[in-house]
Amino acid sequence: MIQYIPLTFISSLDDLKVQIKNTIIMKHVLQKYQDVRTLGELLDSTQYGYTASASENGTHKFLRITDIQGGKVDWNTVPYCDCEREEKYLVKRGDILIARTGGTTGKSFIINEEAPSNAVFASYLIKLRTNENTLLPEYLNLFLNSYLYWSQIAEMKSGSAQPNVNANKLKTLKIPICNIEIQKALIDFFVYEKQQRINIEPIEKDATDTLEKVGNIYKVKELLGNQLIHCENYKIALLREVIKGQLVEQDPNDEPASELLKKLQFEKERQIREKIIKKEKKFYPISEIPYELPKGWEWVRINQIGELSRGKSKHRPRNDEMLYKDGIYPFVQTGDVARSNGLINTYSNMYNDEGLQQSRLWPKGTLCITIAANIADTGILNFDACFPDSVVGFIPFKPIQSGEYLQYFFMVAKGDLIEYAPSTAQKNINLEILNNLIIPLPPLNEMLRIVSRVKSLMEMCENLKGDIERNIKNCELLLQRKLQEVFQLDEHKDGTSV
């Protein structure tokens, strides 16, 4: 049975069409000639690759899985090694190499005339050399890039923790076979596009019709993908209007942001007096503004409108079981924030009382901002939770009731914040960078109108996005059904099938 199996390393329509075309060729050969052999019957030899470390100098070019990209090898970039027993490991035109482990298990590459005469291959590859009296390597390559092959490879890999194949498994693969003249004709027509005297028309028509339908499905899928991009672009454009005061109309009766700022300052001073928060060591006055704001708005520092503090997870190691056993307090990490889509409903683990003592429990409604790994991802807690110092929490001073407006600002400013992050193995920003940010602050009533309007428009956008994603899945299902229909095999006269 031939199955359509989505392959992670096939990303382009052209690559997919190659697999489909080759599958149709194999199907026609199978049904016309009804001669199925195991690969082991048709191979001259198999050989595992050479084990060595790659280096900049050596006696032999050393071809590895990673050197094979997009079905091609840039031999100029292939490293070297010193190989003492070259007769076993040298490759020549027509040899086929197959990845035997990892994410590309089963992927093949046929050696062509461009390969240098001193090229050997690495240990995670298996070399197949055909008996060219019965099996041409180019014909085998058609099979190895078809879903008839991948269906069998999938069965070999199933149930394995680490996907892999070996030479013995490969020898058991069943391949439809025809005589050398027919193999050569198929190769010349479908690989080299040469006209043939034998009748190729049924295969060509089946392939052309199928590829046209697949292309049409992909066009629809591409249009839907573009619509998803438009949705995301619309959301950013919408939020840019928010922070420039262009989303909702200004009301002259609204109390200006300057008055709101006085109330926020009063609340901040109260919390400092009562030791709820600490007084910051420095306050940076605003000397330059990015752009003019509408009347009634004010530019402010983030710590003027709320508490901004890092999370806590003091104990080391952080994964110590004593912090989590019988835990009851949700512990949120950067990944939970990144996946939240704005509202945090999941958590990675739960602290017990001992875990809570070395951390802090933040209230529901806290705006979480990641400052390590995923820079400036945001999410609002939908429950009380702890989080580590790779996440910053923001709680607005009263009378602001939620951090949603500030979240909109961060969604727009995220790209700029990433630029602030040092170029290290794991990017991160710090509290000082965030405290130096200046925020456009609207009047309180206008802020409430903004949040209400954004919620409404975002909900519409998310509903549209959901419809588009469902239609993309429907395209995938339609593609699968169409290909299963095309790949459907009739049973052999003897009742056997591949």
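The values are calculated or read from the model by the stated rules, or taken from the named source; none is laboratory data. Nothing here was measured: the structure is a model prediction, and the numbers come from that model. Heads up, the Cβs are rebuilt from the backbone with ideal geometry, glycines too, and the neighbour counts pull from every protein chain shown. Note: areas computed on protein heavy atoms with side chains; ligands, DNA, RNA excluded. Shrake-Rupley method; radii C 1.70, N 1.55, O 1.52, S 1.80 Å.
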Consider Ser313 carefully, then state whether it is open to solvent by less than 20 Å² (accessible area, probe 1.4 Å), more than 30 Å from Gln246 (Cα to Cα) and either not in a strand (DSSP E or B) or not hydrophobic (A, V, I, L, M, F, W, C) (or both). yes
Hits in region 19-76 (condition: assigned to a helix (DSSP H, G or I), of a type in the set (S, T, N, Q) and either under 20 Å from Lys169 (Cα atoms) or touching a residue at least 12 places away in the same chain (Cβ under 8 Å) (or both)): Gln19, Asn22, Thr23, Gln31
How many residues does region 446-473 contain that are farther than 22 Å from Gly342 by Cβ and surrounded by fewer than 14 Cβ atoms within 10 Å (Cβ to Cβ)? 1
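Pick from Glu476, Glu491: which is charged (D, E, K, R), at pLDDT below 95 and open to solvent by 80 Å² or more (accessible area, probe 1.4 Å)? Walk me through it before giving the result.
Details: Glu476 fails: open to solvent by 80 Å² or more (accessible area, probe 1.4 Å).
After applying the criteria, what remains is Glu491.
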Can you report the number of residues in region 322-345 which are outside any helix (DSSP H, G or I) and open to solvent by 70 Å² or more (accessible area, probe 1.4 Å)? 8
For region 11-40, give me the residue count where each residue is surrounded by 13 or more Cβ atoms within 10 Å (Cβ to Cβ) and among the acidic types (Asp, Glu). 2
Name the single residue, out of those in region 60-80 being more than 27 Å from the chain's Cα centre (by Cα) and farther than 29 Å from Asn131 by Cα, that is surrounded by the fewest Cβ atoms within 10 Å (Cβ to Cβ). Asn76
One residue from Leu323, Leu293 being farther than 26 Å from Trp362 by Cβ, of a type outside the set (Gly, Ala, Ser) and either touching a strand residue (DSSP E or B) at 6+ places or on another chain (Cβ under 7 Å) or at pLDDT 95 or above (or both): Leu293
Could you run through region 233-275 and say how many residues are part of a loop (DSSP other than H, G, I, E, B) and under 14 Å from Pro442 (Cα atoms)? 13
Output the number of residues of region 346-358 satisfying the condition of being assigned to a strand (DSSP E or B) and either touching a helix residue (DSSP H, G or I) at 6+ places or on another chain (Cβ under 8 Å) or of a type in the set (Val, Ile, Thr) (or both). 1
So in region 291-310, with the set limited to residues that are of a type in the set (A, V, I, L, M, F, W, C) and either closer than 16 Å to Glu269 by Cβ or not in a loop (DSSP other than H, G, I, E, B) (or both), which one is most open to solvent (accessible area, probe 1.4 Å)? Trp299
Quick check: anything in region 386-406 over 21 Å from Met447 (Cβ atoms), touching a Pro at 6+ places or on another chain (Cβ under 8 Å), in contact (Cβ under 8 Å) with a residue 40 or more places away in the chain and among the hydrophobic types (A, V, I, L, M, F, W, C)? yes
Residue ID - farthest from the chain's Cα centre (by Cα), chosen from residues in region 357-382 that are open to solvent by 40 Å² or more (accessible area, probe 1.4 Å) and at pLDDT 95 or above: Gln357
Among residues belonging to region 193-243 that are closer than 27 Å to Val486 by Cβ and hydroxyl-bearing (Ser, Thr, Tyr), point out the one that is surrounded by the most Cβ atoms within 10 Å (Cβ to Cβ). Thr210
Out of curiosity, is Ala115 open to solvent by 10 Å² or more (accessible area, probe 1.4 Å) and part of a loop (DSSP other than H, G, I, E, B)? yes
Looking at Glu241, Glu280, Glu274, which one is without any contact (Cβ under 8 Å) to a residue 12 or more places away in the chain and either in contact with an Asp or Glu (Cβ under 7 Å, 6 or more places away or on another chain) or under 30 Å from Gln358 (Cα atoms) (or both)? Glu274
Of all residues in region 81-94, which are within 27 Å of Leu135 (Cα to Cα) and not in a helix (DSSP H, G or I)? Leu90, Val91, Lys92, Arg93, Gly94
The strands (runs of 3 or more DSSP E) lying wholly within region 359-468 that contain at least 1 residues that are out of contact with any Cys (no Cβ under 8 Å at 6 or more places or on another chain) are 367-370, 391-396, 438-441
Confirm whether Ser108 is open to solvent by 40 Å² or more (accessible area, probe 1.4 Å) and either aromatic (Phe, Trp, Tyr) or touching a strand residue (DSSP E or B) at 6+ places or on another chain (Cβ under 6 Å) (or both). no
Please specify each residue of region 184-218 satisfying the condition of being touching a residue at least 24 places away in the same chain (Cβ under 8 Å) and not in a helix (DSSP H, G or I). Val191
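Do we find that Asn164 is within 22 Å of Asp44 (Cβ to Cβ) and either crowded, with 17+ Cβ neighbours inside 10 Å or at pLDDT below 95 (or both) in this structure?
In short, no.
Does Tyr48 satisfy being open to solvent by 70 Å² or more (accessible area, probe 1.4 Å), aromatic (Phe, Trp, Tyr) and at pLDDT below 95?
no
From the set of residues in region 95-105 that are outside any loop (DSSP other than H, G, I, E, B) and under 23 Å from the mean Cα position of the chain (by Cα), which is surrounded by the most Cβ atoms within 10 Å (Cβ to Cβ)?
In this case the residue turns out to be Ala99.
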